[in-house]
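So the structure is just underneath, and the comments pick up after that.
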Amino acid sequence: MSDEPLLLTPGPLTTSKATKEAMLRDWGSRDAQFIELTATVCQKLEAIAGADQNTRSHVCVPIQGSGTFAVEATIDTLVPRDGKVLALINGAYGQRIAKICEVKGRAFVTLETAEDTPPEADLVAVRLKDDPAITHVAAVHCETTSGILNPIAEIATVVAEAGRQLIIDAMSTFGALPLSVGEIKCAAIVASANKCLEGVPGVGFAIIKQSELAASAGNASSVSLDLYDQWQYLEKTDQWRFTPPTHVLAALDQALIEHEREGGVEGRGNRYHENCQTLMHGMQELGFKSYLPDILQAPIIVTFLPPDDANFKFDKFYAKLQDRGFAIYPGKLTKVDSFRIGCIGHITRSNIENAVEAVAAAIEEIGVTLK
Ligand SMILES: Cc1ncc(COP(=O)(O)O)c(C=O)c1O
């Protein structure tokens, strides 16, 4: 296992040994222990989202698949067929929300800003005032395309004031940055197991306002992505509707124990913040420039600009880092050449320090001069 590279990416990520080991058992989907495990995981996810455990103001509905499955399922379930979505876009995941609306046949409009520019809550308020047909706003918390942190609290305030519903794609922040449904009014927070929760890929979930979910019967245009139906079946039988990702759930259960042990959202967020600071300082010392100003940077993934040297080729750089035990990620910006290094997963500051040393060695080996 020690020759596996550390994954400094937006996910899947490096997980702990205990999380991997939690998968060394075959669970039957009807086993009482697996049923118990599903309930425990859902309760813990609700607690992380700040849901009131007594009133169950918001409930967790898990869904098989990657994060996009959960985003698509949430939009398809919560937005009525005659509803209309305002999608806030400043990167690929905002674009994906618009694509989901298009394919699902939901009316939608977009408010698009540049990839280094967060949406302004005031402009959202204007759009909502001007277009009474908009029923839902969909926003991305950290747009992982660049690593930018969007002002979700401000957006939530104007959406609630306008009497509309907010769907938050918190895929890359859930469990590491505070996002509590007690403070941030929203219909749903969507995330997956394999990012800041440090589980393995294969399950997503939405923490949904129960009153919205209860009113959503018949909205979905898909059988497998109908979260109302998934919720109802779980409520009635304690079981998943279709084959559950048993091993993935067992790993998530272990990952959540470790999340709690680390001090929950605050503890996890502090480690990622330290990782991010170490990465940014180290890379700056080497002469790299990050794409975003510090104030907009979420402690999740950092986009760097490539050195201004013809010898720099991402594939070569990537291979040299891989040889040294680190997997990084290509850029995803539409207009600027870039690459990304993640700060999340089961990694510490000293791993990041080693990664920066590996970057220095890789750069030298491929004959690139910085500064
Ligand atoms: C903000 C955001 N939304 C959605 C997704 C899509 O998740 P997946 O690739 O697991 O489908 C990602 C993945 O990185 C993401 O960062």
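Among the residues of region 136-152, the ones that are within 13 Å of the ligand (Cβ to nearest atom) and either in contact with a Cys (Cβ under 7 Å, 6 or more places away or on another chain) or not small (Gly, Ala, Ser) (or both) come to 10 in all.
Contact map, region 279-290: first residue among the basic types (Lys, Arg), second residue in a helix (DSSP H, G or I), Cβ cut-off under 9 Å, separation 6 or more or different chains; pairs are 289/283.
Got a number for residues in region 168-187 being within 16 Å of the ligand (Cβ to nearest atom), within 16 Å of residue 78 (Cβ to Cβ) and in a loop (DSSP other than H, G, I, E, B)?
Residues in region 168-187 being within 16 Å of the ligand (Cβ to nearest atom), within 16 Å of residue 78 (Cβ to Cβ) and in a loop (DSSP other than H, G, I, E, B): 2 in total.
The set of residues in region 30-50 that are farther than 14 Å from residue 205 by Cα and touching a strand residue (DSSP E or B) at 6+ places or on another chain (Cβ under 9 Å) contains only 50. In region 218-337, counting only helices (runs of 4 or more DSSP H) that sit wholly within it, the ones holding 3 or more residues that are within 29 Å of residue 65 (Cβ to Cβ) and under 19 Å from the mean Cα position of the chain (by Cα) span 246-261, 264-286.
One line per residue, one yes/no per condition, for (1) under 10 Å from the mean Cα position of the chain (by Cα); (2) at pLDDT 95 or above; (3) not β-branched (Val, Ile, Thr):
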position	(1), (2), (3)
165	no, yes, yes
171	yes, yes, yes
185	no, yes, yes
190	yes, yes, no
200	no, yes, no
205	no, yes, yes
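Right, residue 234: touching a helix residue (DSSP H, G or I) at 6+ places or on another chain (Cβ under 8 Å) and closer than 23 Å to residue 297 by Cα or not? Taking the combined requirement at face value, the residue does not satisfy it. Of all the numbered requirements in (1) touching a strand residue (DSSP E or B) at 6+ places or on another chain (Cβ under 8 Å); (2) at pLDDT 95 or above; (3) within 30 Å of residue 252 (Cβ to Cβ), residue 57 misses one, and that requirement is (2). Just the residues that are more than 18 Å from residue 349 (Cβ to Cβ) and not small (Gly, Ala, Ser), please, taken from region 262-283. Passing the criteria: only 265. Within region 84-95, work out how many residues are surrounded by fewer than 19 Cβ atoms within 10 Å (Cβ to Cβ) and either within 15 Å of the ligand (Cβ to nearest atom) or under 15 Å from residue 143 (Cβ atoms) (or both). So the answer is 2.
For residues that are of a type in the set (Lys, Arg) and under 19 Å from residue 17 (Cα atoms), scanning just region 229-270, find the one that is surrounded by the most Cβ atoms within 10 Å (Cβ to Cβ). Spell out the reasoning first.
Applying the first criterion (of a type in the set (Lys, Arg)) to region 229-270 yields 236, 241, 261, 268.
When the remaining residues are screened for being under 19 Å from residue 17 (Cα atoms), the result is 261, 268.
Values: 261: 9, 268: 22.
Ranking the qualifying residues of region 229-270, first place goes to 268.
All of (1) within 15 Å of residue 200 (Cα to Cα); (2) in contact with a Pro (Cβ under 8 Å, 6 or more places away or on another chain); (3) not aliphatic (A, V, I, L, M) hold for residue 17 with one exception: (2).
Within region 204-226, the set of residues being closer than 25 Å to residue 247 by Cα and more than 16 Å from the ligand (Cβ to nearest atom) comprises 208, 223, 226.
Got at least one residue in region 153-167 being part of a loop (DSSP other than H, G, I, E, B) and within 11 Å of the ligand (Cβ to nearest atom)? Walk me through it before giving the result.
Residues of region 153-167 part of a loop (DSSP other than H, G, I, E, B): 162-164.
Of the ones still in play, those that are also within 11 Å of the ligand (Cβ to nearest atom) are none.
There is no residue in region 153-167 that is part of a loop (DSSP other than H, G, I, E, B) and within 11 Å of the ligand (Cβ to nearest atom).
The values are calculated or read from the model by the stated rules, or taken from the named source; none is laboratory data. Fair warning: this is a prediction, and the values are worked out from it, not measured in the lab. Counting neighbours? That spans all protein chains shown, and the Cβs are built from the backbone with ideal geometry, glycine included.
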